[in-house]
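Participant: Structure below; questions to follow.
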Amino acid sequence: MSLPRETYPAEYTIFEYGTPGDCAYIIESGSVRVSSYDNRCLAILGPGALFGEVALLDQQVRTATVRTIEEAVLIRIERGHMEELLRRTDPVIRHLLKILLERFRANYLGIHPPARNLNSHSDQLQALRTLTLTRDLSYALDNDKPTLYYQPVVDCVTHELIGFEALIRWPHPTQGMIMPNEFIGLAEKTGLIHPLGLWVLQRAISDWATLRQFCSQGPLMHPFVSVNVSADELSDPRLIDSIFVHLEARGIPPHELKIELTETVVIENRESVGDMLQALAGRGIGIALDDFGTGYASMEYLRSLPISTLKIDRSFVQDMTQISSSDEIVHSAIRLGASLGMTVVAEGVENEATAKRLGAFGCHLAQGFYYAEPMPAMEVAAWVAQAKRSGMLDR
Ligand code: C2E
Ligand code: CA
Ligand code: CA
């Protein structure tokens with residue numbers, strides 16, 4: 001965007017204290033005097049200086065009067081331009097900027113903010129929640145407070161328990177249980193995702209040492225624990241070493257761990273993800289493509305990556321028995337996975353009719369509320385016993 005340049009004569013008033021402000025200026029040449037409401041000189045500014053930015057950022061009146069001393073060429077920055085930049089900024093940063101400006105106006109100029117409208121109030125509440133959650137999350141991590149739940153993954157045909165997907169939960173001391181969709185994004189933005197991801201892997205591997213006793217060793221299928229990993233985590237060079245250190249410490253073979261990456265993450269990070277996946281798969285760890293069907297990965301591309309498992313997104317599985325296009329998509333995905341030699345998992349199985357249909361399609365594995373909701377590791381033994389009694393799981 002090109003910014004307009006304007007020439008002003010000497011002793012010209014650019015703007016006056018107390019008037020509405022809708023632009024800021026950068027001095028290209030010449031000089032200006034900045035004075036207070038009672039005409040005290042606050043500053044003399046020359047080439048390169050910026051002025052008028054305070055009113056631009058918080059949409060209130062000018063906090064000073066500015067007059068040229070000699071002829072000056074000024075570059076004008078319009079409010080729209082600044083707003084566009086601010087709009088693209090993180091809401092927390094926007095909120096902090098607003099607080100700083102209010103404090104500046106109150107402390108130095110004695111101007112207090114006007115009553116807020118409802119909209120900005122809810123923005124503020126959201127920003128404050130984000131800020132406190134970020135602080136609490138970093139404290140929770142230092143104190144081992146997040147927890148992992150485990151959702152069983154069941155063989156569609158033999159009804160044996162084959163593995164678990166680890167899903168993070170954060171029991172917040174005052175706000176109740178916070179689900180991953182609310183804090184994983186936050187952890188990514190703040191960099192907390194790195195310690196968080198390492199914690200998840202370590203905890204899942206150590207819990208698996210106990211949970212694996214509940215799973216069956218099929219002729220074609222190894223029991224496994226599956227861990228979700230986000231794009232940012234993969235950029236951490238410590239990740240791979242840390243995985244192998246924990247596996248070795250617990251005596252767990254690498255093929256009993258699967259790393260889940262969503263199809264969108266894989267497509268959007270083609271270059272960086274490829275090497276990392278090769279390094280993991282080369283040492284025996286399973287790679288699962290999560291939310292398959294939502295990201296338009298081409299067959300060609302799928303074949304180029306060391307993916308061993310396709311997880312069909314729950315949006316298709318959930319309504320496959322009602323909507324024929326979903327049914328067809330699930331069926332094609334199962335055929336595609338089989339033709340590429342991959343294990344296929346259907347996510348989001350919520351009823352018996354869906355489970356049966358998946359079995360008829362030759363789907364290998366399934367998970368969903370029909371079998372069980374994610375649960376703490378401590379509750380797995382009781383669930384297995386009950387599921388065997390009811391015939392949900394093979395005895
Ligand atoms: P996801 O990997 O697709 O995980 C499956 C989500 O579907 C889980 O939500 C699970 O509780 C839910 N689900 C399972 N069965 C059913 C069902 O039958 N019906 C319905 N409606 N939902 C079902 P959750 O635990 O809230 O996790 C949401 C997402 O957060 C996960 O989606 C995953 O992308 C992310 N996530 C979870 N744990 C971690 C983690 O440790 N690290 C990272 N990076 N991401 C995680
Ligand atoms: Ca997953
Ligand atoms: Ca998924």
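The values are calculated or read from the model by the stated rules, or taken from the named source; none is laboratory data. Here the structure is a predicted model, which means the values were calculated and not measured. Neighbour counts are summed over all protein chains in view; Cβ atoms, including those assigned to glycine, are modelled from backbone coordinates with ideal geometry. Heavy atoms of the whole protein, side chains included, go into the accessibility calculation; ligands, DNA and RNA do not. Shrake-Rupley method; radii C 1.70, N 1.55, O 1.52, S 1.80 Å.
Participant: Please work out the FRET efficiency for the pair N351 and F244, using the Cβ-Cβ distance as r and a Förster radius of 51 Å; give the result to the nearest 0.05. Mind dumping the intermediate values first?
Facilitator: Working: r = 40 Å, r/R0 = 0.78.
Computed FRET efficiency for N351 and F244: 0.80.
Participant: Between S216 and S304, what length in nm is gained on full extension when 0.36 nm per residue of separation is reduced by their alpha carbon distance? If you can, show how the numbers build up before the last one.
Facilitator: Numbers: separation 88, 0.36 × 88 = 31.68 nm, distance 3.08 nm.
Taking 0.36 nm per residue and subtracting the Cα distance, the gain is 28.6 nm.
Participant: Could you give me the ³J(HN,Hα) list for the stretch 268-281, computed from phi with Karplus coefficients 6.51, -1.76, 1.60 and θ = phi - 60°, whole Hz, x at Gly and Pro?
Facilitator: Those phi angles translate into 6, 10, 2, 5, 5, 6, x, 5, 4, 5, 4, 5, 6, 5 Hz.
Participant: In whole Hz, with x marking every Gly and Pro, tabulate ³J(HN,Hα) for the stretch 176-184 from phi via Karplus 6.51 cos²θ - 1.76 cosθ + 1.60, θ = phi - 60°.
Facilitator: x, 6, 9, 8, x, 4, 8, 10, 5
Participant: Now a separate question. Any idea what the dipole of the chain comes to, in debye rounded to 20, about its Cα centre with Lys/Arg Cβ at +1 and Asp/Glu Cβ at -1?
Facilitator: For the chain, the charge dipole is close to 620 debye.
Participant: Another question, if that's okay. When DSSP beta bridges are limited to those with both residues in the chain, what percentage is antiparallel, rounded to the nearest 5? Numbers along the way, then the final one.
Facilitator: On the way: 38 of 60 bridges.
Counting only bridges with both partners in the chain, antiparallel ones make up about 65 percent.
Participant: Which net charge results for the neighbourhood of G30, defined as the other residues with beta-carbon distances under 9 angstrom from its beta-carbon, given Lys and Arg at +1 and Asp and Glu at -1? Working shown, then result.
Facilitator: On the way: positive: none; negative: E28, E70, E71.
Within the 9 Å Cβ shell, the charges total -3.
Participant: So for the chain, averaging the separation of alpha carbon pairs under 8 Å that are six or more residues apart and normalising by length, what relative contact order in percent results?
Facilitator: Values: 657 pairs, mean separation 47.4, N = 395.
Result for the chain is 12 percent.
Participant: Over the alpha-carbon set of the stretch 45-84, work out the extent along each principal axis and list the three values in angstrom, largest first.
Facilitator: 31, 20, 12
Participant: Ordering L96, L257 by how much accessible area each has at a 1.4 Å probe, largest first, what is the list?
Facilitator: Values: L96 75, L257 0 Å².
Sorted descending by solvent-accessible area, the residues read L96, L257.
Participant: Given a 1.4 Å probe and every protein chain left where it sits, what share in percent of the accessible area of the stretch 168-280 is carbon and sulfur?
Facilitator: 52
Participant: With r as the distance between the Cβ atoms of D38 and I75 and R0 = 25 Å, compute the FRET efficiency 1/(1 + (r/R0)^6) and round to 0.05.
Facilitator: So the FRET efficiency works out to roughly 0.30.
Participant: Ignoring ligands, DNA and RNA, how do W199, W208 rank by accessible area with a 1.4 Å probe, largest first? Intermediate values should be presented prior to the final figure.
Facilitator: Details: W199 30, W208 0 Å².
From most accessible down to least: W199, W208.
Participant: At a probe size of 1.4 Å, how large is the accessible area of L57, to the nearest 10 Å²?
Facilitator: Spelled out: L57, probe radius 1.4 Å, area about 50 Å².
Participant: Let me ask something else about it. So with the 1.4 Å probe, I'd like the accessible area per residue for the stretch 6-88, rounded to whole Å². Please list the in-between numbers first.
Facilitator: Working: 4320 Å² over 83 residues.
Computed with neighbouring chains in place, this is 52 Å² per residue.
Participant: At 222 nm, what value in deg cm²/dmol follows for the chain if DSSP H runs of at least 4 each add -39500 (n - 2.57) and the sum is divided by all its residues, to the nearest 500?
Facilitator: Working: 15 runs with 167 residues, N = 395.
Only helices count here, giving -13000 deg cm²/dmol.
Participant: C363: net charge of surrounding residues, Cβ under 13 Å, Lys/Arg +1, Asp/Glu -1, itself excluded?
Facilitator: +1
Participant: Using a Förster distance of 56 Å, how high is the FRET efficiency between A10 and I93, based on the Cβ-Cβ distance and rounded to 0.05?
Facilitator: On the way: r = 39 Å, r/R0 = 0.70.
FRET efficiency, A10 to I93: 0.90.
Participant: Just the Kirkwood number for the stretch 1-76, please: inverse of mean 1/r across all distinct Cα pairs, in Å, one decimal.
Facilitator: Values: mean 1/r = 0.0817 Å⁻¹.
For the stretch 1-76, the Kirkwood estimate is 12.2 Å.
Participant: Ordered by packing density, taken as the mean number of other Cβ atoms within 10 Å over each peptide's residues, highest first, how do 150-159, 65-74 rank?
Facilitator: Details: 150-159: 21.8, 65-74: 18.2.
Peptide ranking by packing, descending: 150-159, 65-74.
Participant: Solvent-accessible area per residue for the stretch 191-266 at a 1.4 Å probe radius, Å²?
Facilitator: 41
Participant: Specify the angular offset, from 0 to 90 degrees and rounded to the nearest 10, of the alpha carbon long axis of helix 380-390 from the longest principal axis of the alpha carbons in the chain.
Facilitator: 50
Participant: Using only Cα atoms and rounding to the nearest 10 degrees, what angle (0 to 90) does helix 193-211 make with the longest principal axis of the chain?
Facilitator: 20
Participant: A follow-up question, please. Could you give the nm distance between label points at L125 and A381, where each point is 7 Å from its Cα heading toward the beta carbon?
Facilitator: Roughly 4.4 nm, to one decimal.
Participant: Could the peptides 264-270, 7-13 be put in order, highest first, of the mean number of other beta-carbon atoms found within 10 Å of their residues? Write out the running numbers ahead of the final one.
Facilitator: Values: 264-270: 16.0, 7-13: 12.7.
Going by the mean number of other Cβ atoms within 10 Å, highest first, we get 264-270, 7-13.
Participant: Something else: Can you give the convex hull volume of the alpha carbon atoms of the chain per residue, in Å³? Numbers along the way, then the final one.
Facilitator: Working: hull volume 77.8 nm³, N = 395.
It is 197 Å³ per residue.
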